[in-house]
Amino acid sequence: MLGVFAAGAGAGALNAVVGSGTLITFPVLLATGLSPVTATVSNALGLIPGSVGGAIGYRRELAGQGRRLRRFGAGAALGGLAGATLLLALPAEAFETIVPTLVGLALVLVAFQPLISRAVRARRGERPSSRRDGGAPLLAGLTLASVYGGYFAAAQGIIYVSLMGLLLDEPLQRLNAVKNVLAAIVNAVAATFFLFVADFDWTAVALIAAGSALGGRFGAGAGRRFSPAVLRALIVTVGTVALVQLLLR
């Protein structure tokens, strides 16, 4: 029980700053003897308080992004529901085979985002003000990332940040704030769906929820102090560890 609580706290803090907290909680839940599906659905419900806490911690960076959050949030809700449905309808191998590729691509986009964004602006001749919402490509990309998030969620936040960093002219901290809200929406929608069709381990849910709520607030407070370069380096480092773990599974 202490191990699950500690994993929840670590996942909540990591999700608020970077993402990939599921890579902490999921193996711990499996180690307690839960099946992969029960561990996934229990994890999704338990991490909601951490996601909400992270979003609250970044509320200053969310100022002025209401329209963007409503637009992206609708796509996140639809994607999260689709991903949750896939978890129960398809064999794990059908979806998990593409996970390492998605995470690897996201890491490349995050690492080279400043260079890629400048190159894209120079080629299109766009001013920063003309890229306020990223258009249909960003909405589609975030929705597809939410499908993945509803299914498994590991490195979901890294994919969000990489897509928004490529197509939006915003400081990385503001993008990180949006990421926390989208992750909270996906977790909430997926968990609500699972409540009606899947079995939870309620002890695990309670322990992860308590830990993630604590970790989410702490992680947000710490993450807001990081410079863009430090935050980008942290995202790439954690994402690389996540990629290695996924490849070795």
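The values are calculated or read from the model by the stated rules, or taken from the named source; none is laboratory data. From a predicted model like this one, the values you see are computed outputs, not experimental measurements. Cβ: placed from backbone, ideal geometry, glycine included. Neighbour counts: every protein chain shown. Note: accessible area is taken over every heavy atom of the protein model, side chains too, but ligands, DNA and RNA are not part of it. Shrake-Rupley method; radii C 1.70, N 1.55, O 1.52, S 1.80 Å.
For the reader, a short list of remarks on this structure follows.
Quick grid of which residues meet (1) in contact with a Pro (Cβ under 9 Å, 6 or more places away or on another chain); (2) closer than 17 Å to residue 72 by Cβ; (3) open to solvent by less than 20 Å² (accessible area, probe 1.4 Å); (4) at pLDDT below 80:
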{"site": "126", "(1), (2), (3), (4)": "no, no, no, yes"}
{"site": "155", "(1), (2), (3), (4)": "no, no, yes, yes"}
{"site": "177", "(1), (2), (3), (4)": "no, yes, yes, no"}
{"site": "186", "(1), (2), (3), (4)": "no, yes, yes, no"}
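- Test: residue 196 is open to solvent by 40 Å² or more (accessible area, probe 1.4 Å), more than 27 Å from residue 237 (Cβ to Cβ) and at pLDDT 85 or above: yes
- Candidate set: the range 129-185, residues that are over 13 Å from the mean Cα position of the chain (by Cα) and among the hydrophobic types (A, V, I, L, M, F, W, C); chosen: the one farthest from residue 104 (Cα to Cα): 136
- In the range 36-80, of all residues being assigned to a helix (DSSP H, G or I), over 14 Å from the mean Cα position of the chain (by Cα) and among the polar types (S, T, N, Q), the one that is nearest to residue 140 (Cα to Cα) corresponds to 40.
Let's see how each residue does on (1) closer than 23 Å to residue 144 by Cα; (2) among the acidic types (Asp, Glu); (3) without any contact (Cβ under 8 Å) to a residue 60 or more places away in the chain:
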{"site": "10", "(1), (2), (3)": "no, no, no"}
{"site": "30", "(1), (2), (3)": "no, no, yes"}
{"site": "52", "(1), (2), (3)": "yes, no, no"}
{"site": "56", "(1), (2), (3)": "no, no, no"}
{"site": "66", "(1), (2), (3)": "yes, no, yes"}
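- Residues that are polar (S, T, N, Q) and modelled with pLDDT under 70, drawn from the range 99-116: 113
- Residue, farthest from residue 157 (Cα to Cα), within the range 52-75, restricted to residues that are open to solvent by less than 10 Å² (accessible area, probe 1.4 Å) and at pLDDT below 90: 65
- Scope the range 29-64; condition within 13 Å of residue 181 (Cβ to Cβ) and either of a type in the set (Asp, Glu) or in contact with a Phe, Trp or Tyr (Cβ under 9 Å, 6 or more places away or on another chain) (or both); matching residues: 53, 57, 61
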